[in-house]
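Following: one structure in structure tokens, then a few remarks.
The values are calculated or read from the model by the stated rules, or taken from the named source; none is laboratory data. Since this is a predicted model, take the numbers as computed values, not measurements. Cβ placement follows ideal geometry from the backbone for every residue including glycine, while neighbour counts extend to all protein chains displayed.
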Amino acid sequence: MTALLLPGLRAAGSLPAPTEQRLADLSVTVLVGVTGVGKSTALGALHAALPGLKVLPDRREVTDAVMILPLAGGPVTDREKRFALTARYRDRHPGGMAQALGSLLADTGVWGQSPVFDGLRGLDEVCYAALTFPAWRFVALGAPDTVRVRRLLGRADHFDQVKATRRGTDLRAALTDLPGVEAVFGEAELDALAALEQEGHAAPDILAKTKIVVSERRNYDPAAAEAFLRTLPPTRALVLDTVALNPEAVARAVQAWATQEQAGEAGA
């Protein structure tokens with residue numbers, strides 16, 4: 001199934017062909033961050049900095065092929081259900097997506113020697129990748145959870161689907177009722193999220209996007225992942241705050257880092 005859904009990639013069930021190598025051994029650049037932190041901006045910057053860049057199938061596609069379809073037997077679009085299924089996968093494979101990706105064989109005629117992957121999330125995945133695959137390097141992007149909700153409200157991504165229910169007409173009460181919300185948002189932050197309705201956002205949309213952020217945070221800790229990446233050499237990891245830096249500054253930082261690393265590889 002992996003070979004059919006991910007062209008040029010397959011499970012390592014037989015000896016590699018002459019053009020195949022393990023992704024674990026390639027110089028993969030990995031974008032790190034949860035939903036709504038600005039990974040698309042970073043990917044655009046890498047495209048500009050590295051001509052001929054090869055971008056691997058993204059996290060969603062690899063998740064579908066390696067985790068969701070084998071466990072569910074068919075497509076799953078609701079993000080809450082997907083989080084539950086990927087959590088089951090991580091119970092058996094502690095490296096999560098990093099372990100899934102690193103297990104695949106890549107046709108280097110398709111993907112080259114230095115592809116990009118979007119992306120990894122949380123300490124377990126990032127730590128596993130950095131310690132297990134020494135050729136991989138990382139661009140991590142972060143933003144506060146309230147900012148992420150606002151950004152999700154501003155984009156039209158069909159994948160941002162999750163079932164949300166309201167009790168009566170009180171959005172603030174419905175936000176408080178979300179399971180696990182207290183571990184992510186304080187009272188003032190919930191007030192600010194409820195106030196988004198006054199800016200013209202529909203209450204069910206606010207509730208649904210908040211639920212996405214809460215569900216994701218239940219499974220991944222972006223702060224812990226960033227803290228770990230800061231312990232790596234700067235040639236292996238770049239950590240950026242996408243609130244402190246506007247999109248243009250993010251792009252410049254990623255371009256400078258990628259170009260510097262590319263120059264170092266050329267001189268090695």
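Here are a few things to note about the model shown:
- Taken over the range 228-239, the residue count meeting the criterion of being touching a residue at least 40 places away in the same chain (Cβ under 8 Å) and either assigned to a loop (DSSP other than H, G, I, E, B) or exposed (fewer than 14 other Cβ atoms within 10 Å of the Cβ) (or both) is 3.
- In a residue-by-residue description of the range 50-64, the property of being surrounded by fewer than 16 Cβ atoms within 10 Å (Cβ to Cβ), in contact with a Leu (Cβ under 9 Å, 6 or more places away or on another chain) and farther than 23 Å from residue 143 by Cα applies to at least one position.
- Pair list, Cβ under 7 Å, 6 or more apart: the range 194-214 residue within 10 Å of residue 171 (Cα to Cα), other residue among the small types (Gly, Ala, Ser) and assigned to a helix (DSSP H, G or I): 197/203; 207/174
- Condition check for residue 62: farther than 30 Å from residue 179 by Cα and either assigned to a helix (DSSP H, G or I) or in contact (Cβ under 8 Å) with a residue 24 or more places away in the chain (or both): no
- Condition met for residue 120 (surrounded by fewer than 19 Cβ atoms within 10 Å (Cβ to Cβ), touching a Phe, Trp or Tyr at 6+ places or on another chain (Cβ under 8 Å) and either at positive phi or among the hydrophobic types (A, V, I, L, M, F, W, C) (or both)): no
- Residue selected from the range 97-127 under the condition among the β-branched types (Val, Ile, Thr) and assigned to a helix (DSSP H, G or I), by the criterion nearest to residue 67 (Cα to Cα): 126
- Matching residues, the range 179-225, being small (Gly, Ala, Ser), closer than 22 Å to residue 154 by Cα, outside any helix (DSSP H, G or I) and in contact with a helix residue (DSSP H, G or I) (Cβ under 7 Å, 6 or more places away or on another chain): none
- For the range 101-117, the set of residues classified as surrounded by 16 or more Cβ atoms within 10 Å (Cβ to Cβ), of a type outside the set (Asp, Glu) and more than 14 Å from the chain's Cα centre (by Cα) consists of 102, 103, 104, 105, 106, 108, 111, 114, 115, listed by residue number.
- Only one of the numbered conditions (1) in the same structural domain as residue 260 (by TED's automatic domain parsing); (2) in a strand (DSSP E or B) is violated by residue 10, and that is (1).
- Filter pass, residue 247 being assigned by TED's automatic domain parsing to the domain that holds residue 49 and within 15 Å of residue 46 (Cβ to Cβ): yes
- Of all residues in the range 1-49, exactly one satisfies the criterion of being hydroxyl-bearing (Ser, Thr, Tyr), surrounded by fewer than 20 Cβ atoms within 10 Å (Cβ to Cβ) and either closer than 22 Å to residue 134 by Cβ or touching a Phe, Trp or Tyr at 6+ places or on another chain (Cβ under 9 Å) (or both), namely 27.
Table: residues versus (1) β-branched (Val, Ile, Thr); (2) closer than 24 Å to residue 211 by Cβ.
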site	(1), (2)
30	yes, no
64	no, yes
71	no, yes
93	no, no
100	no, no
103	no, no
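- Test: residue in the range 68-86 that is assigned to a helix (DSSP H, G or I), under 27 Å from residue 230 (Cα atoms) and over 15 Å from the mean Cα position of the chain (by Cα): no
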